[in-house]
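So the structure is just underneath, and the comments pick up after that.
Just so you know, all these numbers are worked out from the coordinates, no wet-lab data involved. Every value quoted in this text rests on a predicted model; they were computed, and no experiment measured them. No Cβ is skipped: glycine too gets one built from the backbone with ideal geometry, and neighbour counts run over all protein chains shown.
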Amino acid sequence: MKINQEMREIIRKGVRFKDIFGLEKVKEQVKSALFAGHHIILIGPPGVGKTTLALNIAKMLPETELYDCPFHCSVDNPQCEFCRAGKSHKIKVKGEERFVRVQGSPDLTEEDLFGDIDPKRALEYGPTSIKAFSPGKIFRANKKIFFFDEINRCPQKLQNTLLQVLAEKKATIGSFEIDIESDFIFIGTMNPQDKSTEPLSDVLLDRVDFIKVGYPESTELEYEIVINNGLKETEFDKKLANIMIELVREIREHPDVEKAPSVRASIALFNRAQANATLKVRKKVKWEDVKDSLVSVLAHRMALKPSVEFNTTPEDFLKRIVEAFWEKKKEKIGDAG
Ligand SMILES: [Zn+2]
């Protein structure tokens, strides 16, 4: 069965992305694109759950059978030399095993994705033998989710090597002129804040749907993410933790901020505040524990707009913000101050 058909049946039965808090509109868009059999690029800043979302999609996939050959051939369509010689075995894969990840970078090559001649095997089988070819990740992604993180960090030339396999669900092996099935769902990501990137090529854009993923919609949702991923070392009053998250969210939306601190920054602050309290032999986190870790956790995770960065540093900016925030919230913070 084609992976798109499999996915359509799952979505028709009604699915929830239970690893993701909030982002309801994103989930609706993802379901609709997957149902249509489209490839997806998730666009958003780091730390908003793009990888978790893609992994969650893989986890929804049922167990399937593949061959353990280097090409991970389908059991209903074994095509490679090893399978045809009866040298491969059926293996069961499910959930996260149906997830293949590639990290986009300017150095990533076509050989990394599609494979290359393996010198050891070339000596054994001869350089012109197909058996000398060591397949890349594209083939291992057969019947899986192919997750391409930060695809826009790759040169357009490399982006365009994906076109055939995205459209036809098969890839040609190097110079052998042999097509091997590679039937996957492509989920790419892009960070719009990343300046060191290439634009996506028009031909690739024409083969994917874009879905924007933003920060959690509310402080309450971000709190859920933070307590689910953070330390549970010291008592951290819910009200105080929410105020801490409000502070991060206020910095995130500040007009002078160009690169905003992520949800991971909120989690890091939550953990460091607990560490501070514990090291001071206190049983409960206080506001000063948050304040004392603020610069160390946030300053390098954010950037100010060029128009303001000449007058101030992120460190001074944070100190000013936190003082103003304290004035606004000190009554609410109360005893925990
Ligand atoms: Zn095979």
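Largest first and in whole Å, the equivalent-ellipsoid semi-axes of the range 23-96 read 33, 12, 11, each the square root of five times a Cα gyration tensor eigenvalue.
Net length available on complete extension from residue 97 to residue 1 is 32.8 nm, with 0.36 nm assigned per residue and the Cα-Cα distance removed.
If you take all other residues with their beta carbon under 12 Å from the beta carbon of residue 12, and give Lys and Arg +1 and Asp and Glu -1, the sum is +1.
Label positions at residue 195 and residue 218, each projected 7 Å from the Cα along the C-beta direction, are separated by 3.7 nm. Normalised size of the chain, defined as Cα radius of gyration per 2.2 N^0.38 Å with N residues, equals 1.20.
Taking 20 Å as the limit for the C-alpha separation, the pairs 144/170; 59/92; 238/283; 27/143; 2/170; 2/90 exceed it in the case of 27/143.
Ranked from largest, the principal axis spans of the Cα set of the range 121-229 equal 61, 33, 25 Å.
With R₀ set to 51 Å, the beta-carbon distance separating residue 232 from residue 28 gives a calculated FRET efficiency near 0.95.
What FRET efficiency comes out for residue 292 versus residue 87 if R0 is 45 angstrom and r is the Cβ-Cβ distance? Round to the nearest 0.05. Kindly include the intermediate steps, with their values, before the conclusion.
On the way: r = 61 Å, r/R0 = 1.37.
Taking R0 as 45 Å, the efficiency between residue 292 and residue 87 is 0.15.
For the pairs 239/329; 259/330; 280/328; 195/259, flag any whose C-alpha to C-alpha distance is greater than 20 Å.
Too far apart for the 20 Å limit: 259/330; 280/328.
For the range 219-336, the normalised intensity computed at q = 0.20, 0.23 Å⁻¹ comes to -1.09, -1.38 (log10 of I(q)/I(0), Debye sum over alpha carbons, equal scatterers, no solvent).
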